[in-house]
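Quick notes on the structure that follows.
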Amino acid sequence: MIDIGVNLTHPSLLDKLEQNITLWQQQGISNIIAIASDLEESQKLQAICQQHNSIYQTIGCHPHQAKTWHTSSNFLCRDLIQNSPTCVAVGETGLDFNRNYSTPEEQITAFESQIQLALEVNLPLYLHEREAEDTLQSLLVNHASQSLASTPLTGVIHCFTGSKESLKRYLDLGLYVGITGWICDERRGQELQEAIQYIPKDRILFETDAPYLTPRTLRPRPKKNHPAYLPHIVEQAAYYAQMSAQELIYHSIENTKKLFRIDVPI
Ligand SMILES: [Zn+2]
């Protein structure tokens, strides 16, 4: 399987990377997608991917880091993408009005610029959204409708935690849905536990968001999350989706291949 969301430059994963790769591969995770939070990190990941052919990456700027996005960033980003054959998506990008580490205006500027970029380079968007659903969705719709690109805008709403209603709106936009260990959270994950049965089989993807979001149902409880724990997340998701884990794994791999245009063994 593939973990489509790993924060690989965190020291808990990057130190002893070889050992960590072995650890997740022993659990059946053949590949990962390392997600970038800004251009500097995108560059770092490019160097890592060149040395490890089981690792793919995104290139882009997270809403928290939107204040670092300048007029030349779009050009720099495109250049980096064109020189990174293992780049499978633009992002992590989107809007986070919950924490506002960058102002909403800065976030919107960086986001719109990256939507345009995704359309130009024909890559999916790797999307992050917190308390900004309406704005994020209307920006996507506006850009998609004005686009002259030959292929439609596509992407994944990563770490989806919302309700059945919110899920429907994202599905209507044609997006894939990323499920994390949030599904294992008995306090905060209830809405998601109910909503997951409504995710069509051809739209679901799995990610750990390691080293963050350690699944709360793991025993013994580890200090940090790791791609090796992805099978546990799939098992929990299968329980709430009333489907077998094997079936979910099969579909999520097919979806990964289709959205990111990569080949991943089962
Ligand atoms: Zn995120």
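The values are calculated or read from the model by the stated rules, or taken from the named source; none is laboratory data. Bear in mind that the values here come from a model prediction, so they are computed numbers and not experimental data. Ideal geometry is used to build each Cβ from the backbone, glycine not excepted, and the neighbour counts take in all protein chains shown. Ligands, DNA and RNA are stripped out before the accessible areas are found, and what is left, the full protein with its side chains, is counted by its heavy atoms. Shrake-Rupley method; radii C 1.70, N 1.55, O 1.52, S 1.80 Å.
Can you tell me which residue within segment 250-266, out of those that are touching a helix residue (DSSP H, G or I) at 6+ places or on another chain (Cβ under 7 Å) and modelled with pLDDT of 95 or more, is nearest to Gly28 (Cα to Cα)?
Among residues in segment 250-266 that are touching a helix residue (DSSP H, G or I) at 6+ places or on another chain (Cβ under 7 Å) and modelled with pLDDT of 95 or more, the one nearest to Gly28 (Cα to Cα) is His251.
Consider segment 106-142. How many of its residues are away from the ligand (no atom under 15 Å from the Cβ), among the charged types (D, E, K, R) and open to solvent by less than 60 Å² (accessible area, probe 1.4 Å)?
0
Given (1) touching a helix residue (DSSP H, G or I) at 6+ places or on another chain (Cβ under 9 Å); (2) over 22 Å from His158 (Cβ atoms), where does Ala66 come up short, assuming only one miss?
(2)
Got a sec? Which of Tyr198, Tyr240, Tyr250 is crowded, with 16+ Cβ neighbours inside 10 Å, over 22 Å from Thr58 (Cα atoms) and away from the ligand (no atom under 16 Å from the Cβ)?
Checking each option against the conditions leaves just Tyr240.
Spot the failing condition for Gly28; the list is (1) within 16 Å of the ligand (Cβ to nearest atom); (2) of a type in the set (Gly, Ala, Ser); (3) exposed (fewer than 15 other Cβ atoms within 10 Å of the Cβ), and only one is missed.
The single condition Gly28 does not satisfy is (1).
Using beta carbons and a limit of 6 Å, which pairs, at least six apart or on different chains, have the first residue in segment 149-169 and farther than 24 Å from Tyr240 by Cα and the second one open to solvent by 30 Å² or more (accessible area, probe 1.4 Å)?
That search, which allows pairs on different chains as well, returns Thr151/Asn122; Leu153/Ala144.
Is it the case that Thr103 is more than 14 Å from the ligand (Cβ to nearest atom) and open to solvent by 50 Å² or more (accessible area, probe 1.4 Å)?
When the stated conditions are applied, Thr103 passes them.
Considering only residues that are part of a helix (DSSP H, G or I) and aliphatic (A, V, I, L, M), look in segment 149-187 and name the one that is surrounded by the most Cβ atoms within 10 Å (Cβ to Cβ).
In this case the residue turns out to be Ile183.
Can we say Ile33 is within 16 Å of the ligand (Cβ to nearest atom) and aliphatic (A, V, I, L, M)?
yes
Pull out all pairs, ordered by first then second residue, where Cβ-Cβ is under 9 Å, the residues are six or more apart or on different chains, the first lies in segment 63-75 and is more than 13 Å from Gly94 (Cα to Cα) and without any contact (Cβ under 8 Å) to a residue 24 or more places away in the chain, and the second is open to solvent by 30 Å² or more (accessible area, probe 1.4 Å) and not in a loop (DSSP other than H, G, I, E, B).
His70/Leu76
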